[in-house]
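Notes for the one structure printed next.
Every number in this text was worked out from the coordinates using simple rules, so none of it is lab data. On a predicted model such as this, the values are computed, not experimentally measured, just so you know. Note that each Cβ is placed from the backbone with ideal geometry, even for glycine, and that neighbours are counted across all protein chains shown.
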Amino acid sequence: MRPIRARREPPAWVVSYLRQGGQAVPDSVHRGDCRMTSGHTRPISQDQARRALAEGRIQACQICRADADLGILD
């Protein structure tokens with residue numbers, strides 16, 4: 001019998017990427033448990049998520065509303 005591994009808890013925040021011209025381009029910030037993330041994500045810290053949204057570099061997911069949870073609303 002194989003041992004059962006505990007599932008790793010998802011990161012609190014992730015950034016999803018799109019491919020454009022062969023390059024990975026940051027697309028949107030999501031909560032770690034959001035089901036709308038693409039298959040290409042990278043975990044980020046809460047501070048990194050706030051900075052990315054505040055500087056307007058990338059948008060927040062329209063489904064999980066990461067901007068509302070981070071206290072950044074337009």
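Quick notes on this structure:
- Using Cβ point charges alone (K and R +1, D and E -1), the dipole size of the chain about the Cα centre works out to roughly 480 debye.
- Scanning residues 5 or more positions from Gly32 or on other chains, those with amide H under 5 Å from its amide H are Trp13, Val14, with H placed 1.01 Å from N in the peptide plane.
- Trypsin sites (Lys or Arg not before Pro) lying in DSSP loop within the stretch 1-72, provided at most 16 other Cβ fall within 10 Å: Arg5, Arg7, Arg8, Arg35, Arg57, Arg65
- Note on the chain: GNM, Cα springs under 10 Å; of Gln23, Gln59, Gln48, the largest mean-square fluctuation is that of Gln23.
- Over the chain, the fraction of Cα-Cα pairs per 5 Å bin, rounded to whole percents and listed from the shortest bin up, is 3, 17, 27, 21, 13, 7, 5, 3, 2, 1, 0.
- Computed from phi, the 3J(HN,Hα) profile of the stretch 38-44 under the Karplus parametrisation 6.51, -1.76, 1.60 (θ = phi - 60°) reads 6, x, 10, 10, 9, x, 9 Hz, with x in place of Gly and Pro.
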